[in-house]
1. Could you pull out the pairs from A:LYS55/B:LYS36; A:LYS124/A:LYS198; A:LYS198/B:LYS36; A:LYS52/B:LYS39 whose alpha carbons sit more than 30 Å apart here?
2. Measuring from a point 7 Å past the Cα of B:PHE45 along Cα-to-C-beta, which residues in the range A:188-207 have an amide N at less than 17 Å?
3. Give me a single rounded figure for A:197-207: the average over its residues of other chain Cβ atoms within 10 Å of their Cβ.
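Where a number appears in this text, it was derived from the coordinates with a stated rule and is not lab data. Since the model is a prediction, treat every value here as computed from it, not as a measurement. Here the Cβ is made from the backbone with ideal geometry for all residues, glycine too, and neighbour counts use every protein chain on show.
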Amino acid sequence: MNINQTGDSIGLLLCALFALIVFRKMKPARSANTNANEISPKTNARLNRVQKVSKCIRLFLQYGIPLIFVTYGIFDYLVILHKVVLSEASHPSAPDSEPYPGAFEFCCALNLIVYLFWYRTALKLFRFFEKGVLFTAETVRCIQILGGIYCARSLLDLSLYFIIAPSLANQWLGAGFDDLFTGLLIIFIGWLIDEARKIQEEQELTV
Amino acid sequence: MPIIVNLDVVLAQRKMRLNDLAEAVDITPQNLSILKTGKARAIRFSTLEAICETLDCQPGEILEFRPETSKRKKV
């Protein structure tokens, strides 16, 4: 088993352990002040289930993902260090032939910013679900932002492909197009939920 | 919204409280409060009938149409 596989295994083990701890210690979430559009959790077992699952996902996003990142980061660093030491010993390093020096780091930084924005929005959305706030303007906004982030990431990848490696731009049609379609689908679902919420509000406000 | 609900005016004239009206009409005080504060989007004829019967009034005393100034009158 090489160091990459070891890292993957440990990462998966950490996730499983984390999920087990969270499920065993999970208590029913307490709702915030309810308004006319929210359902009382005391009378709705389904909402309790939604809140429990949302709490689990929120805890995983809040603690599990940073933990995984740190774990993989450490192992990646060890792998790179291992490879660099081996390659320096066997072959002297060739001159840097990158057409755009620093382009890779710039792409990584942009992707990190997009990812952080996604992370913050996803965390906010699952906090809403955990409080029992399901179909409101705020949750719809979060869903649509997540969809927009997928679209933005896809278009960002495409533009970076064109700038850095134009000959590889057709590869975007594979993974990049999927992200764009997923993003548009999420935005559409957000819009649908918003329309359904307005229909429900109309019915609730019919005396 | 162009439709104004004057339920509070009629209640004051009849010297009746909202909770008493809600009990008489058999709807929750919360729902009646939605109507009174103008947040209601629609009202059922059955509810309007029950309110008018209890308050001994006409629908026109409870509901008033006030057109919005930005919209033009259609000829």
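1. From the list (A:LYS55/B:LYS36; A:LYS124/A:LYS198; A:LYS198/B:LYS36; A:LYS52/B:LYS39), the Cα-Cα distance tops 30 Å for A:LYS55/B:LYS36; A:LYS52/B:LYS39.
2. Correct set: A:207.
3. 4
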